[in-house]
Amino acid sequence: MPQLALFAIDIVAVTLLVFGLYFPRHRRRDLVAAYLGVNIGVMAVASSLGTTSAGTGLGLGLALFGVLSIIRLRSTELDQHEVAYYFSALALGILSALGGGPAWQVPSMMALILVVLFIGDHPRLFRSYRRQSILLDSAVTDQVALVAQLEQILGARVHSAGIQRVDLVNDTTLVDVRYSHPSVQRAARGVVVTAASGGVPR
């Protein structure tokens, strides 16, 4: 497939990634420019290096450097799903710049990346499961008592409670907790059952 066609496909793919998936779901405007810049920058540099004899190796080395910079040198905190979008933007740029083989291969791999993110980051996937850092106004070191207290506060089922810091002087405990709301699960099942029966949810 001609290189210009691959560039055009990459632009369409990263547009769908950013404006079709990421921004409508997460609404973080500052990362829009970051994802677009990473994709186009990697595509431009990797395609330029691809004209040399060691182009593929240099292009992959550049991509790895970009990934390490994203993860280790970032100045603001990123959630794991935002890191996944970074990886995807990088992968799309590399595929378009260094893609070879059959004409269907690169577009298929790009489509696969978009489909995986569409499913894996869908708001309805495990929507009752949450993660939160909670600062308790008591120093708790017993795991069973900690889980019981968190379930009472959150009104949810606690799956994991990792103690980050216990301050015996100020009597506080910082906990990283993963939990789920049974009411959200029941509501989701109720909507499905009601829709299937043709009734109106109460």
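The values are calculated or read from the model by the stated rules, or taken from the named source; none is laboratory data. Here the structure is a predicted model, which is why all the values come from computation and not from measurement. Please note: Cβ atoms are built from the backbone with ideal geometry, for glycine as well, and neighbour counts cover all protein chains shown. The accessibility values were calculated without ligands, DNA or RNA, using every heavy atom of the protein model including side chains. Shrake-Rupley method; radii C 1.70, N 1.55, O 1.52, S 1.80 Å.
Against the test of being touching a residue at least 40 places away in the same chain (Cβ under 8 Å), outside any helix (DSSP H, G or I) and over 28 Å from residue 32 (Cα atoms), the options 134, 163 yield a single qualifying residue, 134.
Of note, residue 93 does not satisfy the criterion of being at positive phi and either at pLDDT 70 or above or surrounded by fewer than 16 Cβ atoms within 10 Å (Cβ to Cβ) (or both). Per the listing 152, 105, the residue uniquely open to solvent by 90 Å² or more (accessible area, probe 1.4 Å) and either at positive phi or not basic (Lys, Arg) (or both) is 152.
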